[in-house]
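Step one of this worksheet: look at the structure below.
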Amino acid sequence: MHNNSQYKPIIDALVACAAECEHCATACLQEDDVKMMVRCIQLDRDCSAICRTTADALARNSDNAKVFLEACATICAACGAECEKHAAHSDHCRACAEACRRCEEACRSLIGQIY
């Protein structure tokens with residue numbers, strides 16, 4: 001077990017990413033061609049959920065934190081890649097992609113430092 005106060009920066013990144021993903025999904029639903037945004041919306045929702053769950057796991061010092069971090073990094077990478085496809089014409093997708101990349105890096109960094 002580790003002192004979970006060391007996790008505050010990554011918990012903050014996880015919460016920020018979850019919020020950005022929720023914003024992106026909501027904004028995607030307002031796009032003229034919502035069908036084009038379906039994969040983005042689905043990944044936004046998955047990413048938001050895993051980010052919140054991972055933050056909770058770290059906050060409670062879960063023995064399974066590494067599993068959550070690995071899943072979160074994978075889903076953040078997928079969400080970031082999808083949002084990048086729409087970033088040229090969508091500020092919310094650009095912001096989401098950036099948040100996902102930061103979060104993915106934070107997860108991978110913590111895995112490398114601790115596990």
The lone condition SER109 fails out of (1) hydroxyl-bearing (Ser, Thr, Tyr); (2) farther than 19 Å from GLN6 by Cβ; (3) surrounded by fewer than 16 Cβ atoms within 10 Å (Cβ to Cβ) is (2)
Assess whether GLU84 counts as being touching a Ser or Thr at 6+ places or on another chain (Cβ under 6 Å) and either within 16 Å of CYS107 (Cα to Cα) or in a helix (DSSP H, G or I) (or both). no
Would you pick out the residues in the range 60-101 that are within 15 Å of the chain's Cα centre (by Cα), within 19 Å of ALA16 (Cβ to Cβ), of a type in the set (D, E, K, R) and surrounded by fewer than 18 Cβ atoms within 10 Å (Cβ to Cβ)? GLU84, ARG94, GLU98
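Do we find a residue being acidic (Asp, Glu) and in a helix (DSSP H, G or I) anywhere in the range 24-43?
no
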I'd like to check something: does the range 44-63 contain any residue that is touching a residue at least 12 places away in the same chain (Cβ under 8 Å), out of contact with any His (no Cβ under 9 Å at 6 or more places or on another chain), of a type in the set (Lys, Arg) and outside any loop (DSSP other than H, G, I, E, B)? yes
Would you confirm whether or not the range 7-23 contains a residue that is in contact with an Asp or Glu (Cβ under 7 Å, 6 or more places away or on another chain) and crowded, with 22+ Cβ neighbours inside 10 Å? yes
Which pairs have Cβ atoms under 7 Å, sit 6 or more apart or on different chains, and link a residue in the range 103-115 that is free of Cβ contacts under 8 Å to residues at least 40 places away in the same chain to one that is part of a helix (DSSP H, G or I) and not acidic (Asp, Glu)? GLU104/ALA73; GLU104/CYS76; GLU104/ALA77; GLU104/GLY80; ARG108/ALA73
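Name every residue in the range 81-98 that is of a type in the set (Gly, Ala, Ser) and over 16 Å from THR26 (Cα atoms), in order of residue number.
Residues satisfying the conditions are ALA81, ALA88.
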When you look at SER62, is it of a type in the set (Ser, Thr, Tyr) and either more than 14 Å from TYR7 (Cβ to Cβ) or touching a strand residue (DSSP E or B) at 6+ places or on another chain (Cβ under 6 Å) (or both), yes or no? no
Number of the condition not met by TYR7 [criteria: (1) at pLDDT 95 or above; (2) in a helix (DSSP H, G or I)]: (1)
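Is it true that THR54 is crowded, with 22+ Cβ neighbours inside 10 Å and of a type in the set (Val, Ile, Thr)?
Criteria met by THR54.
The values are calculated or read from the model by the stated rules, or taken from the named source; none is laboratory data. These numbers were taken from a predicted model, which means no experiment stands behind them. We place every Cβ from the backbone using ideal geometry, glycine too, and count neighbours over all the protein chains shown.
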